[in-house]
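Please read the structure below before turning to the comments.
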């Protein structure tokens, strides 16, 4: 069997679970990343080992496992990140969060930043890659996630300080120093919404990083807001990735008397996806 024949066959087998264009994109990524093949190599044959490896990949994809987990890698802000089921797959919305922090950072003399619930470490690693002068830290309650973040820092040749900490444990805040900015993409999906989410998310991505109690959807936002008030330096800023459906309600929780600037920032689809709040510099 040639690579081209196997590639076309994979597309056909993925079409029942993916749209035609997505099936083609997934197949192309598999063949380019795993087998270093491009469509110009029409006559290249597959070895038996390659066929076996493709069979394993195909089996996982057909069960609905996200491509990034199957390949163990994800692209984010121009970098490559290792991912497994201990961490969320980095998403384009979070790239916009990184962009906004870098843009605001051009205006202020920030030097230190903290990412809460860092997961794969994609936020602080991407920030550090663009601002070598910043000192960045990431915390997470999951030791498994922090292990992935440490690997990704080494992979992308940047230094980030990692710490295991449960942000909901307010007694643990004593160990957290002050920062010029704090960023978080915390869990914000109510448990009741599990039934409407895709199986690729429910079955494979870590629930710990996704869901909050139905009766307290702003649990992490409220907690991190309280932390930010205590731990941000004067003129410092807080950045949240937010749920577009309750962003306005969340905005109302930010104490205007404490933060000088508070705003919701729209993504490229004109959806409110980022909350930005900055303390007065005085």
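Brief remarks follow.
- Residues in region 212-226 that are more than 23 Å from residue 93 (Cβ to Cβ) and touching a residue at least 60 places away in the same chain (Cβ under 8 Å): none.
- Restricting region 241-265 to residues that are touching a strand residue (DSSP E or B) at 6+ places or on another chain (Cβ under 8 Å) and over 23 Å from residue 92 (Cβ atoms) leaves a set whose member that is modelled with the lowest pLDDT is 256.
- Candidates 80, 39, filtered to the one that is at pLDDT below 95 and surrounded by fewer than 20 Cβ atoms within 10 Å (Cβ to Cβ): 39
- Condition check for residue 141: farther than 13 Å from residue 183 by Cβ, touching a residue at least 12 places away in the same chain (Cβ under 8 Å) and touching a strand residue (DSSP E or B) at 6+ places or on another chain (Cβ under 8 Å): yes
- Flag for residue 89 being in a loop (DSSP other than H, G, I, E, B) and at pLDDT 95 or above: yes
- Matching residues, region 193-214, being touching a strand residue (DSSP E or B) at 6+ places or on another chain (Cβ under 9 Å) and not in a helix (DSSP H, G or I): 197, 210, 211, 212, 213, 214
- Output for region 129-172, where each listed residue is touching a helix residue (DSSP H, G or I) at 6+ places or on another chain (Cβ under 6 Å) and not in a loop (DSSP other than H, G, I, E, B): 130, 136, 138, 140, 152, 153, 162, 164
- Across region 112-122, a minimum of one residue is classified as in contact (Cβ under 8 Å) with a residue 60 or more places away in the chain, in a loop (DSSP other than H, G, I, E, B) and farther than 17 Å from residue 179 by Cα.
The values are calculated or read from the model by the stated rules, or taken from the named source; none is laboratory data. No experiment lies behind these values; they were computed from the predicted model shown. Because the Cβ atoms are built from the backbone with ideal geometry, glycine has one as well, and the counts that use them run over all protein chains shown.
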